1. Report yes if PRO94 is at pLDDT below 80, surrounded by 12 or more Cβ atoms within 10 Å (Cβ to Cβ) and on the phi < 0 side of the Ramachandran plot, otherwise no.
2. Take LEU106 and tell me if it is outside the structural domain of ASP29 (by TED's automatic domain parsing) and modelled with pLDDT under 85.
3. Mind counting the residues in region 48-77 that are of a type outside the set (Ser, Thr, Tyr), within 17 Å of the chain's Cα centre (by Cα) and assigned to a helix (DSSP H, G or I)?
4. Could you figure out which of (1) part of a helix (DSSP H, G or I); (2) surrounded by 12 or more Cβ atoms within 10 Å (Cβ to Cβ); (3) of a type outside the set (S, T, N, Q); (4) modelled with pLDDT under 90 isn't true of ALA12?
5. Restricted to region 29-54, and to residues that are exposed (fewer than 10 other Cβ atoms within 10 Å of the Cβ) and acidic (Asp, Glu), which residue is nearest to LEU74 (Cα to Cα)?
Amino acid sequence: MQEIKAFNEQRAEIYWWLSSLFAAELTDDELNKYHSPEIRSFLSGLGENPSLKEPIQVFTESLNRLHVREDAQLELSADFCDLFLKSDKHGALPYASMYIGKSGLLNDQPAQDMADLLAKHSVQ
């Protein structure tokens, strides 16, 4: 039973990490954490899954290239802006409410539905 609980906790951490990857630009501190032994070990563990081996290898190689750049955070911020902060006609805005809701605006009905669901289950 403990093994299942530990596994589910790890899975929840991975889901949280993936869901937050594109929520905001990485700070210098956050970017530096990607070079820590803990994160590298975490990525290596993910890479043991055959279906994740190649994507993790590509991701790790990208991190290695970033590690030697002095302007890594600035370059990533520019990429983030180019991808996510433009208008909905020229970017991929990371908000479901932009695409699912009727108004095409941030915090449309899908965001409200999620807030209601979280409140219903006392999740803050």
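The values are calculated or read from the model by the stated rules, or taken from the named source; none is laboratory data. For clarity, every value in this text was computed on a predicted model and none was experimentally measured. In this analysis, Cβ positions are derived from the backbone assuming ideal geometry, glycine residues included, and neighbour counts consider all displayed protein chains.
1. Yes, satisfied.
2. On the way: outside the structural domain of ASP29 (by TED's automatic domain parsing): yes; modelled with pLDDT under 85: yes.
Yes, satisfied.
3. The qualifying residues number 7.
4. Looking at each condition in turn, ALA12 falls short on (2).
5. Ranking the candidates gives ASP29 first.
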